[in-house]
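Working notes, structure below.
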Amino acid sequence: MNDTVTIRTRKFMTNRLLQRKQMVIDVLHPGKATVPKTEIREKLAKMYKTTGDVIFVFGFRTHFGGGKTTGFGVIYDSLDYAKKNEPKHRLARVGVFSFVRQLLKTYFFQWRCVHGLYEKKKTSRKQRKERKNRMKKVRGTAKANVGAGKKPKE
């Protein structure tokens, strides 16, 4: 971590309903590109004497001309509260949540978790289009079974 990066928090609030602390984060980084979120999380963990797995930062925008970035951050009291209240996509970005295959059965791609990042299992464009058109012919939860394939004979 480079020492030229300064992190300031403002509009700090303790949100008891969601068991978290929330704040606006200003990152000052003159002469540098935008600071990675992992680095911001590490610095916030040091500032607030907690671990990085309960800190979630998002919504960063770099100001015109560079040198300053502003975003939002939340620090949960525990990982359980984070899993309960934080959206699944943010948990997945941090690597806390891994999607269950059953939940994504209806999607065109099958996803798998690789250390917090998601990789697509390749499906050809033609197969995706054929599956989409087959799904149009059925209603409701039957759409999930359209691309499942044939069952083996016993």
Under 5 Å between amide hydrogens, which residues at least 5 positions from F60 or on another chain qualify, with H placed 1.01 Å from N in the peptide plane? F72
Using a 7 Å offset from the Cα along the Cα-to-Cβ direction at both A33 and M13, what is the distance between the two label points in nm, to one decimal? 3.4 nm
What list of ³J(HN,Hα) couplings, whole Hz, do you get for segment 53-58 from phi and the Karplus terms 6.51, -1.76, 1.60, once you set θ to phi - 60° and write x for glycine and proline? 6, 9, 9, 10, 10, 7
Which length gain, in nm to one decimal place, applies between T62 and S78 when the Cα-Cα distance is subtracted from 0.36 nm times their residue separation? 2.8 nm
Output ³J(HN,Hα) for segment 16-32: one whole-Hz value per residue in order, computed from phi by the Karplus curve 6.51 cos²θ - 1.76 cosθ + 1.60 with θ = phi - 60°, and x for Gly and Pro. 6, 5, 9, 6, 8, 10, 10, 7, 8, 10, 10, 10, 9, 9, x, x, 10
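A short reminder: the numbers here are calculations on the coordinates, not readings from a lab. Everything quoted here is computed from the prediction, not taken from an experiment. No Cβ is skipped: glycine too gets one built from the backbone with ideal geometry, and neighbour counts run over all protein chains shown.
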